[in-house]
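Below is one structure, written out as structure tokens, with a few remarks after it.
The values are calculated or read from the model by the stated rules, or taken from the named source; none is laboratory data. Quick caveat: nothing in here was measured; it's all calculated off a predicted structure. Please note: Cβ atoms are built from the backbone with ideal geometry, for glycine as well, and neighbour counts cover all protein chains shown.
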Amino acid sequence: MITVHHLDNSRSQRILWLLEELELPYEIRFYKRDPKTMLAPKSLRKVHPLGKAPIITDTESDVTLAESGAIIEYLVERYGNGRLQPERGTPEHVQFLYWLHYAEGSAMPPLLLKLVFGLLPTRVPFIIRPVASLIAGGVQSRIINPQLKLHMDFWEHALSQREWFTGKDFTAADIQMSFPLEAAASRAGALGGRPHVGAFLRRIHARPAYQRALIKGGAYAFASAGDAAG
């Protein structure tokens, strides 16, 4: 049996969605963020030393695995039976691998920096908040925001060429890419001028498996992110 150790409003929502697309049986163990730090609870470290969601355990193969990309590859390879990934050796499979790893390796870092520098002025002593706000604002406007624009324009161009990131067929790479796009739509502002990104978000949010994952996983802040874009 597969168990998903699911942290609210996190990347682990993608794993629930993938399991629903594969129509696999699974269990969920729920974890709540610390209301002050917004970090995962220390109890997750009992499952994996780093205590970061998502984590899955699979009793059938005695596996405990963290990292979204690794989990997605494992589940698709072991249980997919050819579903949700292009045939190996094809150009589409090369694109599949690229987007699967790009999502966390390149797309998420500037989004995380946007979040950190946005919170910075509220996490320092009151007396230095004006200075912290000035510094954080400068870093965002000069470094982070231009990088985010670069990535969002990259997504828009890719999705203007094809319906899904790897081509004409929906794959697990689209599931992996969902979180950066949803986070950008929520944290980095509206996706105005990027209609293909908005259309992609509407397509994934309308998928029955996505909706089933929401019902099972509980409230998810990004569930309608970007739906009004475009």
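Checking each residue in the stretch 1-25 for being surrounded by fewer than 19 Cβ atoms within 10 Å (Cβ to Cβ) and assigned to a strand (DSSP E or B) picks out only 3. Mind checking whether some residue in the stretch 86-105 is surrounded by 16 or more Cβ atoms within 10 Å (Cβ to Cβ) and not in a helix (DSSP H, G or I)? Yes, that holds for at least one residue. Somewhere in the stretch 121-139, is a residue among the polar types (S, T, N, Q) and at pLDDT below 90? Scanning the stretch 121-139, I find at least one residue that is among the polar types (S, T, N, Q) and at pLDDT below 90, so the answer is yes. Might you let me know whether the stretch 45-61 holds any residue that is at pLDDT below 95, assigned to a helix (DSSP H, G or I) and either over 19 Å from the mean Cα position of the chain (by Cα) or not acidic (Asp, Glu) (or both)? The answer is yes, given that some residue of the stretch 45-61 is at pLDDT below 95, assigned to a helix (DSSP H, G or I) and either over 19 Å from the mean Cα position of the chain (by Cα) or not acidic (Asp, Glu) (or both).
Residue by residue, here is whether (1) in the same structural domain as residue 29 (by TED's automatic domain parsing); (2) more than 25 Å from residue 9 (Cα to Cα); (3) not small (Gly, Ala, Ser) holds:
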position: 49; (1), (2), (3): yes, no, yes
position: 61; (1), (2), (3): yes, yes, no
position: 69; (1), (2), (3): yes, no, no
position: 72; (1), (2), (3): yes, no, yes
position: 84; (1), (2), (3): no, no, yes
position: 101; (1), (2), (3): no, no, yes
position: 107; (1), (2), (3): no, no, no
position: 113; (1), (2), (3): no, no, yes
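Based on what the data block shows, is residue 210 of a type in the set (Ser, Thr, Tyr), part of a helix (DSSP H, G or I), closer than 22 Å to residue 31 by Cβ and at pLDDT 85 or above? I'd like the intermediate steps shown before the answer.
Details: of a type in the set (Ser, Thr, Tyr): yes; part of a helix (DSSP H, G or I): yes; closer than 22 Å to residue 31 by Cβ: yes; at pLDDT 85 or above: yes.
In short, yes.
So that you can scan it fast, the table gives a plain yes or no per residue for (1) of a type outside the set (A, V, I, L, M); (2) modelled with pLDDT of 95 or more:
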site	(1), (2)
7	no, no
15	no, yes
35	yes, no
40	no, no
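Going residue by residue through the stretch 27-36, is there one that turns out to be on the phi > 0 side of the Ramachandran plot, of a type outside the set (A, V, I, L, M), surrounded by fewer than 21 Cβ atoms within 10 Å (Cβ to Cβ) and not in a helix (DSSP H, G or I)? For the stretch 27-36, residues on the phi > 0 side of the Ramachandran plot, of a type outside the set (A, V, I, L, M), surrounded by fewer than 21 Cβ atoms within 10 Å (Cβ to Cβ) and not in a helix (DSSP H, G or I): absent.
Please work out if residue 224 is in the same structural domain as residue 96 (by TED's automatic domain parsing) and of a type in the set (Ser, Thr, Tyr). For residue 224, the condition - in the same structural domain as residue 96 (by TED's automatic domain parsing) and of a type in the set (Ser, Thr, Tyr) - is not met.
With the structure loaded, tell me whether residue 45 is surrounded by fewer than 22 Cβ atoms within 10 Å (Cβ to Cβ), over 25 Å from residue 165 (Cβ atoms) and touching a residue at least 24 places away in the same chain (Cβ under 8 Å) or whether it fails that test.
Working: surrounded by fewer than 22 Cβ atoms within 10 Å (Cβ to Cβ): yes; over 25 Å from residue 165 (Cβ atoms): yes; touching a residue at least 24 places away in the same chain (Cβ under 8 Å): no.
The answer is no for residue 45.
Among residues belonging to the stretch 64-73 that are in a helix (DSSP H, G or I) and crowded, with 17+ Cβ neighbours inside 10 Å, point out the one that is nearest to the chain's Cα centre (by Cα). Working first, answer last.
Initial filter on the stretch 64-73 (in a helix (DSSP H, G or I)): 68-73.
Cutting the leftovers down to crowded, with 17+ Cβ neighbours inside 10 Å gives us 68-69, 71-73.
Working: 68: 8, 69: 10, 71: 13, 72: 12, 73: 15 Å.
Applying the filter and picking the extreme gives 68.
Okay, residues lined up against (1) modelled with pLDDT under 95; (2) among the charged types (D, E, K, R); (3) within 17 Å of the chain's Cα centre (by Cα); (4) surrounded by fewer than 18 Cβ atoms within 10 Å (Cβ to Cβ):
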site: 172; (1), (2), (3), (4): no, no, yes, no
site: 190; (1), (2), (3), (4): yes, no, no, yes
site: 195; (1), (2), (3), (4): yes, no, no, yes
site: 202; (1), (2), (3), (4): no, yes, yes, yes
site: 205; (1), (2), (3), (4): no, no, yes, no
site: 216; (1), (2), (3), (4): no, yes, no, yes
site: 225; (1), (2), (3), (4): yes, no, yes, no
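Is it the case that residue 184 is modelled with pLDDT under 95 and either more than 16 Å from residue 107 (Cβ to Cβ) or outside any loop (DSSP other than H, G, I, E, B) (or both)? It is true that residue 184 is modelled with pLDDT under 95 and either more than 16 Å from residue 107 (Cβ to Cβ) or outside any loop (DSSP other than H, G, I, E, B) (or both).
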